[in-house]
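Here is the structure we will look at.
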C-alpha cells in the first residue's frame, strides 16, 4: 500500500498533461496577471477635464487658470461661454468638472464680500468626482495663497506641515496591486482545478470505481491535491520572477514568508474545494457555488477596496475569508518588509482556517453515494 | 417550428430535473448583489491614525481632539517615537502624525497603498490646517447626479454587469459540450433540425431564468439599495435584455469551442472573471487606462453595458444617448450567435 500515492500522483499528472487546454491556461495565467492586469490598476485620478469659466479675468483668476492648466491632474478644455453650456457638457460627459468664477471676484475678495466660486463635478463615479473636486479646490487655493504671499500677507500654517510617504515613495499603485493579484493564480490552481478534477471523475463514474478499490480516501484526495500545490508554488515563483524582471519589484522582506503564506492559503482553499466537490451533484452546480465564493473573495477581501471602509458587520464576515490574510501578508512583506512576528495574526488565522476547511472536507467525504 | 418547440421543452426538462442548480442560480445573484451593494465602498473611510507627541501645548491638544472626532479617521492613540515604523509596518495604523517641539508637524504615511495614502494626506492636511481653511476662498460645490457621493451609484451597476454576464455564460456554457460528452451530440447532428434552432432552443429556457433574475436584481437595487432609475424604464429593460442575450450567446460560443465541460466552466468562471472585473470600468475608470488597454476594453461587453446603464439609471439619459453602446452590444451578440452556429455546423465534417 505504500506505493499507491506516487502512482496516483503520476495518474493525475498524466491526465493533466494530456488535456489540450489546461496546461495552456496555466501558462497564460501568470503572464496575464503580471504583464497585463497591473497596468489596469490605476487608482489616482488623472486627466480630469475642466471647463473654466472666468467672468472676472483678474490677475488672481488668471493665475488660478494657469495653476489648473499646469497641474498633472487636469486638462483644461476649450473656453466655454456660459455656465449652462458647461453644465450641458458635463451631462454629455465632455467635461468632468466645471469651475465658474463670478464677476469682480478679486475686487470683492479684497473688499471682504465676495460671491462664491461655483464648482460642479460629475459624481456618478463618487470617488472620481470627490477626488477631482478636492484637487481642484487645493489648486485654486494654492493660487490664491501664492498671490496673498506675494502681497506679504501672513504665512499659512501649511508650511509647518510636512508629509512623508514611506515604503512606496513614488506612490506606485501597481506595486501595491501586483503582489495581491498573485492570489488569483493560487485560486485558479488550488481551488478551481481540483474542484473540476474531482467533479469530472464523479460525472464520468471513475470516482465510484476508485471508491471500491482499497485506496484510502485520504490517499486519493492527497494524490489529487499534491500536484496542484506544487504547481501553485512553481507558478507563484514564476510570477514573482516576472514581477522582478518587468517591474523591478522584489519582496522587501523574506520571500520565504510569501511562500509560507501561499502554502497555507493553498491548503485552505483546496480543502474548501474538496468540501464543495463533496456536496455537489454536478460539475455545473459545483462551479456555481465556487464562483459565488470566489466573487466574495475577490471583492470583499481588500483586494480592490479597503476592508476598513466596509460596515462593521461586513468586516466581521471577512474574518472567515482566507484571501484577506494572504493578501495582507503578500503586500506587507513585499512593500514594507514586515517581519514574521508582526504578521502572527495572519499566519495564525490561515492555519486555523486550513484546519477548519480540511476537517470539513473530511467530514463531508463519503465513500458510498 | 414544431421541432423547435419540442427542443425547447427538452431543454426545460433538463433544467427542471436539477432543481438544486436552479435554486442556486436564482438565489446567488440576489445574495451577491445585497452583500456587495451594502458592504463595498470605494470611498476611503476609517483611516487608522496614531500620533507622537512630546509636549502637550494647546495647539497639539486641539489637533488631537480634532483627530479623535473626525469621521474619516480612527484615532489609535499616542505612541512613542521609536514605535512609528513598527506600527506602520504591521498595519496597526496607516498614518502617524508627529508633533514636533517647535510647532512643526510631520505626517508619516504608509504609502504602500498609494490610493489610501493620497486620501489620508488630504484628510490630515485639512484636519491639521483647520485655521488656514477657515480663511480660505469662498466656494460652493455641487456634486451633479450624486449629491451624497454614494459610491454605490458606480458600483451597483458595475456588479450587475459582472454578475449577469458571468452567471448567464456559466448557465449556457455546458449546454452544447454536455451533449458532446454524453455522446448525444451525434444524434443532434444527424437530426433534421437546423443548428440555428438547436442553438436558439438551448438559449430560450435560460433567457426566461435570466429575465427572472433581472427582475429581482432591478427591484432589489432600486428598493433596497436605493439606486435611482432616473431614465426611461423601458430603455433600461431593453438594454439589460440585450446584454443578457449577449451573455447567453457568449456561453454558447464557449460551449461549442470547448471539448469538455471542465474547460468550458473554467473559462467562464475563472479565466474571464478577472479581466472582466478589471477592464469593465467598474473599479478602474476606463479613461485612466493606457491606450493599448483602453482598446482592449472595447471587446469587453461589460464595459459598454456599464457605460450605458449608468447613463440610464443615474444620469437619466434616454435612448439617443446610449444608441452607440446598444449597437455595439447588438453587434457583439450577433457575432457570437453566428460564430456559435458556424462552429456547431463545423462538427458535421
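Laboratory data are not the source of any read-out in this text; all were calculated from the coordinates shown. Since we're looking at a predicted model, the values are computed, not measured. Please note: Cβ atoms are built from the backbone with ideal geometry, for glycine as well, and neighbour counts cover all protein chains shown.
Assorted remarks:
- Label-point separation in nm, residue A:206 to residue A:3, each point 7 Å along Cα→Cβ: 2.1
- Within the listed set A:112, A:253, A:337, the Gaussian network model of chain A (springs between alpha-carbon atoms below 10 Å) gives the highest mean-square fluctuation for A:112.
- log₁₀ of I(q)/I(0) at q = 0.09, 0.10, 0.14, 0.17 Å⁻¹ - segment A:130-264, Debye sum with one point per alpha carbon: -0.55, -0.62, -0.84, -0.99
- Measuring between their Cα centroids, segment B:24-88 and segment B:284-338 lie 36 Å from each other.
- Principal axis box of chain B, alpha-carbon based, largest edge first, Å: 91, 43, 39
- Between 0 and 90°, nearest 10: helix B:195-223 axis offset from chain B longest Cα axis: 30
- The stretch between residue B:208 and residue B:5 holds 71.6 nm of extra length on full extension. This uses 0.36 nm per residue minus the Cα-Cα distance.
- Each label was represented as a point 7 Å from its Cα along the Cα-to-Cβ direction; for residue A:312 and residue A:245 these points are 5.0 nm apart.
- Inter-chain Cβ neighbour count for B:116-127, averaged per residue, equals 4 (cutoff 10 Å, partner chain atoms only).
- Folded to 0 to 90 degrees: helix A:4-18 orientation relative to chain A principal axis, Cα: 50
- Alpha-carbon Rg/Rh ratio, for segment B:1-71, with Rh computed the Kirkwood way: 1.58
- If you plug the beta carbon distance of residue A:340 and residue A:92 into 1/(1 + (r/R0)^6) with R0 = 56 Å, you get a FRET efficiency near 0.55.
- Segment B:47-134: relative contact order as a whole-number percent, Cα under 8 Å and 6+ apart: 32
- Here the gap between residue B:125 and residue B:216, fully extended at 0.36 nm per residue and compared with their Cα-Cα distance, gives a gain of 28.3 nm.
- Take the Cα of residue A:355, step 7 Å toward its Cβ, do the same at residue B:188, and the gap between the two points is 4.9 nm.
- Against chain A, whose longest principal axis is taken from its Cα atoms, helix A:173-187 shows a tilt of about 20°.
- The Cα-based radius of gyration and maximum Cα-Cα distance (Dmax) for segment B:223-348 are 16.1, 51 Å.
- You can think of it this way: the chain between residue B:196 and residue B:55 has 42.7 nm of extra reach, that is 0.36 nm per residue less the Cα-Cα gap.
- Theoretical FRET efficiency, 1/(1+(r/R0)^6), r = Cβ-Cβ of residue B:68 and residue B:38, R0 25 Å, to 0.05: 0.35
- For segment A:190-211, the residues whose backbone nitrogen is under 20 Å from a point 7 Å from the Cα of residue A:217, taken along Cα to Cβ, are A:194-211.
- Diffusion constant of segment A:1-79 at 4 °C, which comes from Stokes-Einstein with the Kirkwood Cα-pair radius and 1.567 mPa s, µm²/s: 70
- Dimensions in Å of segment B:125-210 - Rg and Dmax from alpha carbons: 27.3, 83
- Relative pair counts by distance (%), Cα atoms of segment A:184-283, 10 Å bins: 14, 41, 26, 13, 6, 0
- Fewest-first ranking of A:100, A:191, using other Cβ atoms within 10 Å as the exposure measure: A:100, A:191
- Result for chain B in a Gaussian network model with C-alpha springs under 10 Å: among B:214, B:149, B:98, the largest mean-square fluctuation is at B:98.
- Separation between Cα centres of segment A:218-255 and segment B:174-217, rounded to whole Å: 39
- A Förster distance of 60 Å, applied to the separation of the beta-carbon atoms of residue A:49 and residue A:256, puts the FRET efficiency at 0.80.
- Three principal axis extents describe the C-alpha atoms of segment A:41-103; from largest down they are 41, 25, 15 Å.
- Its residues counted as N, segment B:47-134 yields a C-alpha radius of gyration over 2.2 N^0.38 Å of 1.00.
- If you look at the Cα atoms of the protein assembly as shown, you get an Rg and a Dmax of 28.3, 95 Å.
- Choice from A:98, A:34, A:341 showing the highest fluctuation, given a GNM over chain A with Cα pairs closer than 10 Å: A:341
- For segment A:95-136: span of alpha carbons on each principal axis (Å, largest first): 38, 16, 11
- P(r) weight above 15 Å for segment A:239-320, C-alpha pairs, percent: 72
- Segment A:48-160 - Rg over Rh from alpha carbon coordinates, Kirkwood radius: 0.98
- Percent of C-alpha pairs per 10 Å bin in chain A, short distances first: 4, 19, 22, 18, 14, 11, 7, 4, 1, 0.
- Sequence of B:125, B:20, B:101 once ranked by neighbouring C-beta atoms within 10 Å, starting from the fewest: B:101, B:20, B:125
- Neighbour-count order for B:172, A:275, A:282, B:58, fewest beta carbons within 10 angstrom listed first: B:58, A:282, A:275, B:172
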